[in-house]
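The values are calculated or read from the model by the stated rules, or taken from the named source; none is laboratory data. What you see is a predicted model, and the numbers here were worked out from it, not measured in a lab. In this analysis, Cβ positions are derived from the backbone assuming ideal geometry, glycine residues included, and neighbour counts consider all displayed protein chains. Calculation scope for accessible area: heavy atoms of the full protein, side chains included, ligands and nucleic acids excluded. Shrake-Rupley method; radii C 1.70, N 1.55, O 1.52, S 1.80 Å.
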Amino acid sequence: MTVRTVAILTAGGIAPCLSSAVGGLIERYTRVAPDVRIIGYLDGYAGLLAGRSIEVTDEVRAGASRLHDFGGSPLGNSRVKLTNAADLEARGLVAKGADPLRVAADQLTADGVDVLHTIGGDDTNTTAADLAAHLAEHGHEMRVVGLPKTIDNDIVPIRQSLGAWTAAEQGALFARNVIGEHSSNPRMLVVHEVMGRHSGWLTAETARRYRADLATREFVPGIGNDRRRWDVHAVYVPELAIDLDGEGRRLAAVMDEFGCVNVFVAEGAGVDEIVAAMEAAGQDVPRDAFGHVRLDDLDPGERLASDVAERVGAEKSKVWKSGYFARSAAPNAEDLDLIARCTELAVAAALDGRSGVVGQDTERGDELRVIEFDRIAGGGAFDPGVDWFVELLEDIGQPRG
């Protein structure tokens, strides 16, 4: 199949890779296949359903390299599940009784799209595969080559999602200031809540990077500027149960000695227990269009802070959330290198007739390859038994449970 028109869309939550990945795809096509037309759908699948797109002009091609310097997405994002027709009807994105997959497929056909590049998480990319299958059933061949985006780093079987390294680095930067709040009040509890619904990777990596930075700084303990007051005293991830009574006793001793406690917690830590308690009490659990628990409504960080504060005798506690700060950043050098390698392979695969998601395949020795759609899944867990995380917990005196 000759590639005449390529479409790009970004979807889901933003991450420190979207702008750069869009720029990288445009640069690569301009270099190796300059005659290929490129369009971008605005606001993800919402724009595709509405037929809202923008043409990549010569001017845009000439300036595409500048997109590497920005966070966010130049095309805009949305959270849309094409198989949830009721939600899309309620939001006015499709007409009553319409099949959203058919609406999106018809738009792709009308736009003459031969290749669709999706930059998003597992839902974004598997939805694109569903679209391709739908089109094939109706006689329209379309290749789909996705790029993996999620700061949680939880796409199976991909080793490293684009933007996750940067999010951890930015979360550590956020914490460098926020933990200074330990001195704002006697017996202060500082809770740094990090994004991560199912996976604790981002929380753990953020804590690791924060402590690595801490190790480079010089302190003046004689006047209270003690490294131990700036350290992380607990790191809670969804993969490890939290023994609140045991941790309460341990952290109470920290509070007594240093006058503060600093906790890093993944937003998904303890959520299963909260949901189970709500369901047992006959309460409705708020969920989004994808069936995910609405974490903002549950506010697990505040619940944890309240429980810990009581146990450690905190005079004041405060939860700071770094997620929006971290996910909005421009990519760092590590991510820029990975984005460049992934976009190069994505274009090559599209021109070569392959479909799938480009990533480091953990089941193929971390080879960077085009991974089959039927192997893509979300909710990949962080391994809390990796050496560096075990050492981190040992260093701060936290039992693994």
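Here are some notes:
- Restricting V235, V271, V275, V254 to residues that are more than 28 Å from N153 (Cβ to Cβ), of a type in the set (A, V, I, L, M) and surrounded by 14 or more Cβ atoms within 10 Å (Cβ to Cβ) narrows the list to V254.
- Note on segment 307-329: among residues that are under 29 Å from C17 (Cβ atoms) and hydroxyl-bearing (S, T, Y), the one that is least open to solvent (accessible area, probe 1.4 Å) is S322.
- Lone qualifier among A98, A21 - being within 25 Å of the chain's Cα centre (by Cα) and in contact (Cβ under 8 Å) with a residue 12 or more places away in the chain: A21
- Selection status of A164, among the hydrophobic types (A, V, I, L, M, F, W, C) and more than 28 Å from S199 (Cα to Cα): no
- Considering only residues in segment 119-174 that are of a type in the set (S, T, N, Q) and at pLDDT 95 or above, the one that is farthest from the chain's Cα centre (by Cα) turns out to be Q170.
- Condition met for L67 (crowded, with 20+ Cβ neighbours inside 10 Å, modelled with pLDDT of 95 or more and under 19 Å from the mean Cα position of the chain (by Cα)): no
- Residue among D374, D307 that is within 23 Å of D154 (Cβ to Cβ), assigned to a helix (DSSP H, G or I) and at pLDDT below 95: D374
- Hey, L368 hydrophobic (A, V, I, L, M, F, W, C), buried (at least 17 other Cβ atoms within 10 Å of the Cβ) and in a strand (DSSP E or B) or not: yes
- The residues on offer are R197, R176, R228, and the sole one that is open to solvent by 20 Å² or more (accessible area, probe 1.4 Å), outside any helix (DSSP H, G or I) and in contact with a helix residue (DSSP H, G or I) (Cβ under 9 Å, 6 or more places away or on another chain) is R197.
- Residues that are in contact with a helix residue (DSSP H, G or I) (Cβ under 8 Å, 6 or more places away or on another chain) and either on the phi > 0 side of the Ramachandran plot or among the aliphatic types (A, V, I, L, M) (or both) were ranked within segment 99-116; the one that is surrounded by the fewest Cβ atoms within 10 Å (Cβ to Cβ) is L101.
- Subset of segment 29-75 (residues that are touching a residue at least 24 places away in the same chain (Cβ under 8 Å), among the hydrophobic types (A, V, I, L, M, F, W, C) and over 15 Å from H117 (Cα atoms)): V32, A33, A46, L49, A50, V60, A64, L67, F70
- K96, sole failed condition from (1) of a type outside the set (V, I, T); (2) modelled with pLDDT of 95 or more; (3) in contact with a helix residue (DSSP H, G or I) (Cβ under 9 Å, 6 or more places away or on another chain); (4) surrounded by fewer than 16 Cβ atoms within 10 Å (Cβ to Cβ): (2)
- Close pairs from segment 285-306: first surrounded by 14 or more Cβ atoms within 10 Å (Cβ to Cβ), partner modelled with pLDDT under 80 and aromatic (F, W, Y), Cβ under 9 Å, at least 6 apart: none
- Segment 339-348 - residue that is surrounded by fewer than 21 Cβ atoms within 10 Å (Cβ to Cβ) and not charged (D, E, K, R) and, of those, farthest from the chain's Cα centre (by Cα): A348
- Residue count for segment 257-268, restricted to those that are within 28 Å of the chain's Cα centre (by Cα) and either over 14 Å from V312 (Cβ atoms) or surrounded by fewer than 17 Cβ atoms within 10 Å (Cβ to Cβ) (or both): 5
- Residue in segment 385-394 that is under 30 Å from T127 (Cα atoms) and open to solvent by 40 Å² or more (accessible area, probe 1.4 Å) present: no
- If you check L75, L93, L82, L108 for being among the hydrophobic types (A, V, I, L, M, F, W, C) and assigned to a helix (DSSP H, G or I), only one passes: L108.
- Hits in segment 179-188 (condition: outside any helix (DSSP H, G or I) and buried (at least 17 other Cβ atoms within 10 Å of the Cβ)): R187, M188
- In segment 35-46, the residues that are surrounded by 19 or more Cβ atoms within 10 Å (Cβ to Cβ) and over 15 Å from G13 (Cα atoms): V36, I38, G40, Y41
- Residue match in segment 382-389 (condition: acidic (D, E) and modelled with pLDDT under 95): no
- Residue, surrounded by the fewest Cβ atoms within 10 Å (Cβ to Cβ), within segment 117-167, restricted to residues that are in a strand (DSSP E or B) and hydrophobic (A, V, I, L, M, F, W, C): V156
- Complete set of residues in segment 200-225 that are small (G, A, S), in a helix (DSSP H, G or I) and open to solvent by less than 50 Å² (accessible area, probe 1.4 Å): A204, A207
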